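K.L.:
Okay, here's the structure, questions in a sec.
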Amino acid sequence: MRVLTTAVVLGLLLAGSAFGENADPEIKPKKIQGTWERRIEKENLKVVVVKIITPTHLAIFHQTDSNGHHTLQGHGGTYELKGNTFTEKYEFSSNENLIGKDSVSQLKLVGDELHQTWIDNGRPRATEVWTRVKSPKRD
């Protein structure tokens, strides 16, 4: 019996490590607050996306440079965090179709990366990896 118990405990420990050494199963609000960034660079396309999360609100800005043509888009509002389920509630947007909409995702923190997996109809759709922006040193 002792061998079986040891095997079960060892199996659970190994299975748990498969989810990432530094991943938080339940995200605390303070851990996601701050500025996050994603960069996409392909041939003639460069996109920088910045997400700013405060204790009560978030704002997302997309700057796109495509063949020398620059655009800036933004949206934001409030959010709700329950465990690792993150719901963005859009109250303003340069795209009027987003206003009043909610977007649901699952979050996973791994070091200075925030992995955000978007959920549609209860199924994962796409994952974005955000990098925490370090605060500049001030004199």
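None of the figures in this text is laboratory data; all of them are computed from the coordinates on show. As the structure is a prediction and not an experimental result, all values here were calculated from the model. So basically every Cβ, Gly included, is an ideal-geometry build from the backbone, and we count neighbours across all protein chains shown.
K.L.:
Mind sorting Ile52, Ile99, Ile27 by how few other Cβ atoms lie within 10 Å of their own Cβ, fewest first?
P.N.:
Taking fewest neighbouring Cβ atoms as first place, the list is Ile99, Ile52, Ile27.
K.L.:
Can you tell me the order of 85-98, 34-47, 105-118 when each peptide is scored by its average per-residue count of other Cβ atoms within 10 angstrom, highest first?
P.N.:
On the way: 85-98: 14.9, 34-47: 12.9, 105-118: 17.1.
Put in order of decreasing packing, that is 105-118, 85-98, 34-47.
K.L.:
Hey, what's the Kirkwood Rh for the stretch 23-132 if you take every pair of different alpha carbons, in angstrom?
P.N.:
For the stretch 23-132, inverting the mean 1/r across all distinct Cα pairs yields 14.6 Å.
K.L.:
Please report the spacing between the Cα centers of the stretch 25-45 and the stretch 105-121 in Å, no decimals.
P.N.:
Using only Cα atoms, the two centres lie 9 Å from each other.
K.L.:
Full extension from Lys46 to Lys30: what is 0.36 nm times the residue separation minus their Cα-Cα distance, to one decimal in nm? Intermediate values should be presented prior to the final figure.
P.N.:
Working: separation 16, 0.36 × 16 = 5.76 nm, distance 3.04 nm.
Difference between extended and current length: 2.7 nm.
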